[in-house]
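Computed from the coordinates by the stated procedures, all read-outs in this text should not be read as laboratory data. Just so it is clear, the structure is predicted and the values come from calculations on it, not from any experiment. All Cβ positions, even for glycine, are placed from backbone atoms using ideal geometry, and neighbour counts span all protein chains on display.
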Amino acid sequence: MNGTQDVDGPQGSLIIRARVLAQPSLDLTACALEVEIAGRSYLFGRVGEGFQRLCCEYGFRTSRFQDIFLSGSADWTSQMGGLPGLILTLDELAVENIQVFGDANVPWALASLRRFFQREACDISAKRADSDFHDKDLVVVPVELFGASDAAEAHVSSSEDEAARQAIVDTGLKRMFPHKDRIIRDGKKQLSGQTEMREQYDTTEILQVVRPPSPSRPSLSYIIQPRPPRGKFDENLAAFYRLPFGPERAEVINGKTWTRDDGLDVTTEMVTAPPQSVRRMAFIDIPTLQHLQDAKTKNWFARVPKPSEYLAGAQTVVDRFPSQQEIEEEKQKAESEPFAQRVYFEQPVYGFVVHDLGREVEPFSEEFISFMKSFGPECDHIINHPDYTPNTLTYNRAAQFAIALGMISPTHFREPIITPASKLVDEKYTPVEAEEIPVKGGGKKLTRHQKKRKAIQEKKEREVHGNAIEPPPSPILQPVDDTPTDSPNPRPELSVMPIIQGTTYVLKGKLITSNAHKIATGDWRDSDKLANTTVEMYNEILERFPNGPRRIVTTEAGHEGAMNYSALEKKNLIENPTDDNASSSENKRGRSASPPSQKKKQRVEIANQVTVITCGTGSATPAVFRNVIGTIVKLPFYPAPDDSGSPLRTKSVLLDCGESTVQNLRRLYGLSGTDEILREIKVVFISHLHADHFFGVLTFLRARNDAFNGHTLEEGDSRTLYIVGSRRMILWLQEWQQLHPNLTADVRFVENRYLAERETYRQTSEHPTTSVEGGAEEYKASYEDLLSAMSLRKVATCRAVHAQLAHSVAFTFKNGFKLAYSGDTRPNYAFTQIGRDADLLVHEATMEDDLLASAISKRHSTLSEALAVGYVMNAKNILLTHFSQRYPVSISLFGGSSFLSSESDHLLSGVSRLQNEDRDGRFIRENVETRPSDRLSEKGKRAVERQIKWSANVKLSFAYDGMQMQLADFDCQGAWTKPMRVMFCDLNRDLIEQDLEAKESLNGKLL
């Protein structure tokens, strides 16, 4: 796997910066290392779900990630769940020539997205890492480690079948990233043959479930060897070889050869100082003890070929150690090389190694300590292990925002869970505290006076040797004393630390600078400090806004004293909320509604028990304060099957499942609490196949299966999960089930189009009867079982006015409760009909009203349009969500309109009356309040009365990430208005300043 065109190494002094970008936590499954050389970044490790949001949090320059090396084996949850999101970001930045390397299944895994993923600005290639990657700055050597289960027999298939499988993968990747097919037509870039390719693709490859190419799943690791930089140009040597000024000199400097009149070829090495080797690095993925046994058989010190040897087809040999005869031959070859080229034959020295370990691999066992020591005494070791990696906060600003929300409404926001590592690395392994670590055999850093004396000595030696064709070896490469240099902080016998985000190494030749000691001795080691992280955040907020508590206390009745507590008392208040501080479901708008009938009263009581958990509330891509969409509706009204008077059971519906939905739950509810929530979810509705709506489904299914493992089912309970979504997503899951057995074993599928067209549903070229699900008959059986399992009277869907195959849904339960979810859509009259009289309407409100034109072009709804749908639908409770990421904290506080729930009466009462839907999905609206009342017809006056009555009784809530709220409290946000304006306007400004400071620091040095 070649990179850019090779030359004889980079010019000048090469500085390499290696930084730990990501450590695993409850927020994130990624473990990633960035190596930066000459402004280009190489990404190593696992790009799990949440990685894109991590880059937003810390301002990482993702545009530099052109070469991505995935470690381990192809796996959506832990290895590449965040890769599609990263690709979307790179596409927005118009980054070209992106290469993704991994095991044999990685191209197949990326091609599995062919059914719903197309990016025209990117030029992405997915390759198996089966040979050395090399460019002018870096060599990456892939190392495959096999475990006991990786020696499975290959699939039995004919060459024709294998060719057909590979053709589908290649066609899929070409369709997804058609950058190379662009042509210039009428001055605009277009895709050649794009229409024909789509037509052919939709009727063939898109419906086929393609098996992965390799049944064996080796764990992929990497040796990272920077190229030795060319030495500095020496004017004295140029004069010695009579190298003239002008183009001849420029050519030699750039790596070409110039021939003198006497026939002597003058090369770059002859007029530059000898190069100096650069320390080696490695990223080693060892999931099991069997993989460790294989790792011990690899030659991690294998010599990397020179650029000229790569041109001849040479590769690094790591699968075996060289014989004694081969070692002698290497020595002879090194002695015959020009002196400047001998650096390629030096024994490599490791700077550091990252070990990504599975739980069964104990890093401080005798066996693994011996393995770490084999890399030499000068090597630092960074270990990622479930027992030694602390569960620190990944998204600090989002956590701070959630804590601030909890200060306003303790009952509706939970503080994030932070836990220390279960085991600590012994302090005797702590990396040395030194700004510059002395290197064995490398000599001390010379002072300015010593450099001057050295230059004079070299000049005298050149004069003594006169007109020798080959100058004598430079003193800097002469043998030196191997005795370690004195240091006030001697290195430990073995230097080990857990993987912590921000750990950085800077390598310059054999010199290395690191903040490893500072990171290794940080506060994360102190369990008390780590446990009090949220308390410190409370105190920081109170220190920044000393007037905030007083101003907040005086805003709304029922909230006095909510901010009068110390941080520790506040923490106890959240954990044990009292009735005095809990949000009330009283009528806060002074409504004067007539007493409801007994039937309506019973329905209201049922609805008030329903709880909504908003896992994510943003749109498009994850951002600092909002993750992508995911909403759980908990329905606690299911009686026990034996009618014995047992407490009612809860079943839940998940409405869309964006990336990191499960991780967000774990941060708020912990592992056991999340497992309970996952077991309660019986229905998943995926509105459409945009990345922000379903890329968390695969992780959700695996986490839900794990939650049931070892769990005893109650009588009448079931593991069965019903997924209502597009057939394309169903096929995607079935394709991945080949790598993750039992992924969909408990899943029953119902196509959303079938629910919209049950009476007229028929198979089409896109939905053939030969499909794996059996078509309409299978959907009918699954639908009937869904109604029975969830006590539903009906589930109805309709086409949304958005992307292809996008749908909205309405669930009608036998007890009268009705749930309607819009998904992404323009205001849609058909949706108002299937959701008529909904007790809960969850509607997107991507943009504010002043961005109506943008909402129309992108087929989204504005705030007022979402309310208008609720009015026509006669919804009782409305949850607005799926906000544009242009509103970092709150769409109502920092957008163009002055709009929050407590101020919404004037908008609700003046909401537009929706009559029809035009062909663009826009309602034809008539605002009946724009005309004088004396000019209104009797019909218009009745419409105004209905609007006023509806707005007086509807309860409205804005969604925030991590919010848990019963429908009974949906009108409590009015009490938050002034506190939020006081706190979050200042907090938002402060967080933006932090963001600017972070970006400025990234432009400077990393250390």
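Overview of values
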item: The range 224-269-the range 352-371 distance, computed between alpha-carbon centres (Å); result: 46
item: Distance in nm between pseudo-label sites at Ser323 and Lys256 (7 Å out along the Cβ direction from Cα); result: 4.4
item: Estimated FRET transfer efficiency (Asp706, Leu289; beta-carbon r; R0 22 Å; 0.05); result: 0.50
item: Under the Karplus curve 6.51 cos²θ - 1.76 cosθ + 1.60, θ = phi - 60°, whole-Hz ³J(HN,Hα) for the range 67-74, x wherever Gly or Pro sits; result: 10, 10, 10, 7, 8, x, 10, 4
item: Cut-off 16 Å, label 7 Å out along Cα→Cβ of His740, residues of the range 68-106 by amide N; result: 73-85, 106
item: Residue-wise HN-Hα coupling along the range 704-721, computed from phi with Karplus coefficients 6.51, -1.76, 1.60 (Hz; x: Gly, Pro); result: 5, 4, 5, 5, 7, 5, x, 9, 8, 6, 6, 4, x, 7, 8, 7, 4, 10
item: FRET efficiency estimate (nearest 0.05) - Cβ-Cβ, Lys331 to Lys373, R0 25 angstrom; result: 0.45
item: Protection-proxy order for peptides 654-665, 733-744, each taking the mean of Cβ atoms within 10 Å per residue, highest first; result: 654-665, 733-744
item: Net charge of neighbours whose Cβ lies under 12 Å from the Cβ of Cys657, counting Lys and Arg as +1 and Asp and Glu as -1; result: -3
item: Pairwise label distance in nanometres, Ser788 with Ala531, each label 7 Å out on the Cα-Cβ vector; result: 5.0
item: Rounded FRET efficiency, nearest 0.05, which uses the C-beta distance separating Asp161 from Phe245 and R0 of 51 Å; result: 0.20
item: Hz values of 3J(HN,Hα) by residue in the range 277-293 - Karplus curve (6.51, -1.76, 1.60), Gly and Pro given as x; result: 5, 10, 4, 8, 10, 8, 10, 10, 10, 10, x, 9, 5, 5, 5, 5, 4
